[in-house]
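Written out below as structure tokens is the structure these notes cover.
The values are calculated or read from the model by the stated rules, or taken from the named source; none is laboratory data. For clarity, every value in this text was computed on a predicted model and none was experimentally measured. Counting neighbours? That spans all protein chains shown, and the Cβs are built from the backbone with ideal geometry, glycine included.
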Amino acid sequence: MSQATSNSIQTIRPAKNLRGSVRLPGDKSISHRYAMLAGLAEGTSVLANFSTGADPHSSLACMEALGATVVKKDDGTIAVTGTTGQFKQPLIDLDCGNSGSTMRMLAGLIAPHPHTFRLIGDASLTPRPMERIRGPLSKMGAKIDLTDGHAPITVHGGPLQAITFDTPIPSAQVKTAILFAGLQANGTTTISESVRTRDHSEHALRAFGAELTRSADAISIEGGQKLHSLNLTVPGDMSSAAFFLCAALLFPESNLVLDDLGMNPTRSALLDVLVGLGLKVKVLNLEEHHGELIGSLQINSSAQLKGAEISGGLSAQLIDELPVLAAIAPYTRDGIKIRDAKELRVKESDRIALVAKNLKVMGAVFTENEDGLDIPGGQTLHGAAIDSGLDHRIAMAFSIAALRAEGETEIHGAEAAAISFPEFYTLLDSLCER
Ligand code: S3P
């Protein structure tokens, strides 16, 4: 396989199975949070196994524009010297690139600072909905101007008041924006969520020295707390692992070991679904580091894959893994039904529409709904020209579907994978036996 270049095409050939052992680059979600909190803290934090994806590097660049110093060291670690709680007036727009996490979480982090900030993004990020952060941050007293509900965003920063907030849409990005603002507001901010979304911000805030209290469905943070620097290692990315786990599931002869993987329970619902489908998973060496569970997974598959129904809170918890689950669904015995996943329509692309388009060109039959897809099992797909829509998860999801298809598949816009997982094609190639 050749390396992806701009608007590149990757050709994926069918495989017989997956074998080998890999340690995946650091988790994208955790890397964003460590970058931002290190940039706010006092002192120098050293971050090991930081995500190699473009998105968390957008967060690092924004932290530099806000006055932090970022040094990428030869040993692969990243040293971030923070601003001791005092961001400076940036001289440039804060460019969030393709990253919704950067834009939404950063808005909360900067809103308490007495400057004017302009947040911009690329063609995919610009139209994504931002009212969801403007609402709660405005309640706290921030003045935020959106452009027709989306970016470019202007944040007129200033002192904030704590709020009590019920998140209407399950979103860890929104929860994080409020927690980051609450850390620097007057009073105690409380957020309740109906679905427990990923809790990396809570763990990261505690690691950097903040106190948070948690009840059954709410989390509270007191304002005015100072953060201190520390050295952290980012666990391997479960959402990147998802592609190899789903690939292994397709071949009963597979034998895969994934080392040092993030196993945070708010991110590992995928394993339960895959075990239900027929994956055999052994968890080895589980340890906790700064609140995050890290372990190794040994993976085998079964001869016959069952089916799955994913709905309600589970859809929210699996939101990033749904494209790849949909892409392998035709190869299962009983198919996969996805419901309550309307949020997929406002991700880096309309992921329901793009999954449907690409399943169709590979010859699959299915039903598309407003909030999901019903994909029957027992189907044979053929290789085709896939449109990634320049969405990283679509490019990688259909690379996995291609492994069991008849004939070769071309992934158009393959370079999008680099948003979260630049090593994807090389690693996939090294693990596949053909
Ligand atoms: C993320 C939360 C999710 C997810 C995104 C990363 C995070 O988005 O889809 O890839 O790091 O908090 P939402 O908060 O919009 O659900």
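Working only within segment 182-230, note down all residues that are in contact with a helix residue (DSSP H, G or I) (Cβ under 6 Å, 6 or more places away or on another chain) and modelled with pLDDT under 95.
V195
When you scan segment 352-434 for strands (runs of 3 or more DSSP E) that lie fully inside it, which ones turn up with 1 or more residues that are over 23 Å from I310 (Cβ atoms)?
Counting at least 1 such residues, we get 385-387, 409-412.
Mind checking whether some residue in segment 110-127 is of a type in the set (D, E, K, R) and buried (at least 18 other Cβ atoms within 10 Å of the Cβ)?
Taking every residue of segment 110-127 in turn, none turns out to be of a type in the set (D, E, K, R) and buried (at least 18 other Cβ atoms within 10 Å of the Cβ).
Within 18 Å of A269 (Cβ to Cβ), outside the structural domain of T126 (by TED's automatic domain parsing), part of a helix (DSSP H, G or I) and more than 16 Å from the ligand (Cβ to nearest atom): does that describe I336?
Here the answer is no, as I336 does not meet what is asked.
For segment 264-279, which residues satisfy the criterion of being farther than 21 Å from K337 by Cβ and in contact with a strand residue (DSSP E or B) (Cβ under 7 Å, 6 or more places away or on another chain)?
Across segment 264-279, the qualifying residue is only N264.
S192 passes all but one of (1) surrounded by fewer than 20 Cβ atoms within 10 Å (Cβ to Cβ); (2) within 16 Å of the ligand (Cβ to nearest atom); (3) not in a strand (DSSP E or B); which number fails?
Tallying (1) surrounded by fewer than 20 Cβ atoms within 10 Å (Cβ to Cβ); (2) within 16 Å of the ligand (Cβ to nearest atom); (3) not in a strand (DSSP E or B), S192 fails exactly one: (3).
Return yes when D237 is of a type in the set (D, E, K, R), at pLDDT below 95 and farther than 13 Å from A204 by Cβ and no when it is not.
Spelling it out, it is not the case that D237 is of a type in the set (D, E, K, R), at pLDDT below 95 and farther than 13 Å from A204 by Cβ.
Any residue that is over 30 Å from P168 (Cβ atoms) and in contact with a strand residue (DSSP E or B) (Cβ under 7 Å, 6 or more places away or on another chain) - is there at least one of those in segment 342-354?
No: zero hits.
Can you tell me which residue among D387, D391 is surrounded by fewer than 22 Cβ atoms within 10 Å (Cβ to Cβ) and either in the same structural domain as D320 (by TED's automatic domain parsing) or free of Cβ contacts under 8 Å to residues at least 24 places away in the same chain (or both)?
D387
In this structure, does E309 turn out to be within 24 Å of A241 (Cα to Cα) and within 13 Å of the ligand (Cβ to nearest atom)?
no
Out of everything in segment 161-181 that is in contact with a helix residue (DSSP H, G or I) (Cβ under 8 Å, 6 or more places away or on another chain) and more than 16 Å from the ligand (Cβ to nearest atom), what residue ends up being nearest to K226 (Cα to Cα)?
Filtering first and then ranking leaves A162.
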